[in-house]
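What follows is a set of notes on a single structure, which appears directly below.
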Amino acid sequence: MIKTSDSDNSSAISVRHLTVSYGPVPALLDISVDIEPGQLVGVIGPNGSGKSTFIKSILGFVKPDHGTVQLFGEKDINTAGRIAYVPQRGSVDWDYPITVREVAAMGRYSKRRWWQNLRRKDYQMADEALEKVRMSDFAKRQIGQLSGGQQQRVFMARALAQDAEVLLLDEPFAGVDAATERAILNVLTETRDQGKTVVVVHHDLATAAEYFDRLLLLKQRLFAYGPPERVLDPKLLCDVYEGNLKVFADLADTKS
Ligand SMILES: Nc1ncnc2c1ncn2[C@@H]1O[C@H](COP(=O)(O)OP(=O)(O)OP(=O)(O)O)[C@@H](O)[C@H]1O
Ligand SMILES: [Mg+2]
């Protein structure tokens, strides 16, 4: 449901009239949406539709031309510690001499002051997070010596170790195998079940209904936000994707 009223304090993420531009054409135009706490939300839309920009706006990484983003009803978002983020793959160059365990433990720095060292409990949480994404066996390996899919799992572990209220993931399933996709999905579902809010950019429309409680359909503007069965409307998808992906036919079949 798209609410256009004033900010709703019960929302985890409340976006109002958000417009973001990198150049003359806005990447996001007048987006207003309230994301309830404790939801697993999929952000869908074609390439270049503003999905990553939407995530970066919530993080405060890009400056809006217009509009606001509030977290739990607070105007000044102090993202440190409250939001964990897993960037889109390939957007970070990990050519540092740092181990998998150290990367996972980085998630804990947001909970410490800059002069404090990590404690035993922090490393324990990092280890537990690595276990969840099935990367414990690689704990001592340098991050640069992992495959892309393995690196993705370590970034997930870093975000989980942070134990944040909101988890934002930009295409965590891109380029991972089916078993890993399942493992990551299970971890996200578990995180949601702990009452956290999880927002995931997702490309695969075929699995979107199965994976998420809510879908947010973007193409510069917000086309829909709500339960998958409402958002995955064939006509709406045709408008947004301007094409005839096979999945549209499948969806139309199941609806007829
Ligand atoms: N740093 C930037 N400088 C200039 N333009 C940008 C920048 N980042 C994104 N854009 C443009 O803004 C629009 C939205 O990009 P964004 O990365 O948010 O899309 P996306 O939906 O995440 O795409 P994809 O599915 O390919 O990841 C695109 O037209 C893109 O070219
Ligand atoms: Mg993107």
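Below are the figures for this structure:
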{"quantity": "Those chymotrypsin sites (Phe, Trp or Tyr not before Pro) in region 105-209 that DSSP places in a loop and that have at most 12 other beta carbons within 10 Å", "calculated": "TRP114, TRP115"}
{"quantity": "Cross-link pairs beyond the 28 Å C-alpha cut-off, checked among LYS63/LYS219; LYS63/LYS235; LYS111/LYS219", "calculated": "LYS63/LYS235; LYS111/LYS219"}
{"quantity": "Computed lengthening from ASP30 to LYS121, 0.36 nm per intervening residue step minus Cα-Cα distance", "calculated": "28.5 nm"}
{"quantity": "Label-point separation, LEU236 to GLU128 (7 Å along Cα→Cβ), nm", "calculated": "3.7 nm"}
{"quantity": "Residue-span extension gain [ALA209 to ASP193] - 0.36 nm each, minus C-alpha spacing", "calculated": "4.0 nm"}
{"quantity": "Proximal charge balance of ASN47 [Cβ under 14 Å; K/R count +1, D/E count -1]", "calculated": "-2"}
{"quantity": "For region 148-154, Karplus couplings with θ = phi - 60° (6.51, -1.76, 1.60), whole Hz, Gly/Pro x", "calculated": "x, x, 5, 4, 4, 5, 5"}
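Here, each number is a calculation from the coordinates, and none is a lab measurement. Just so it is clear, the model here is predicted, and its values are computed rather than measured. Using ideal geometry, Cβ is built from the backbone for each residue, glycine included, and neighbour counts are taken over all protein chains shown.
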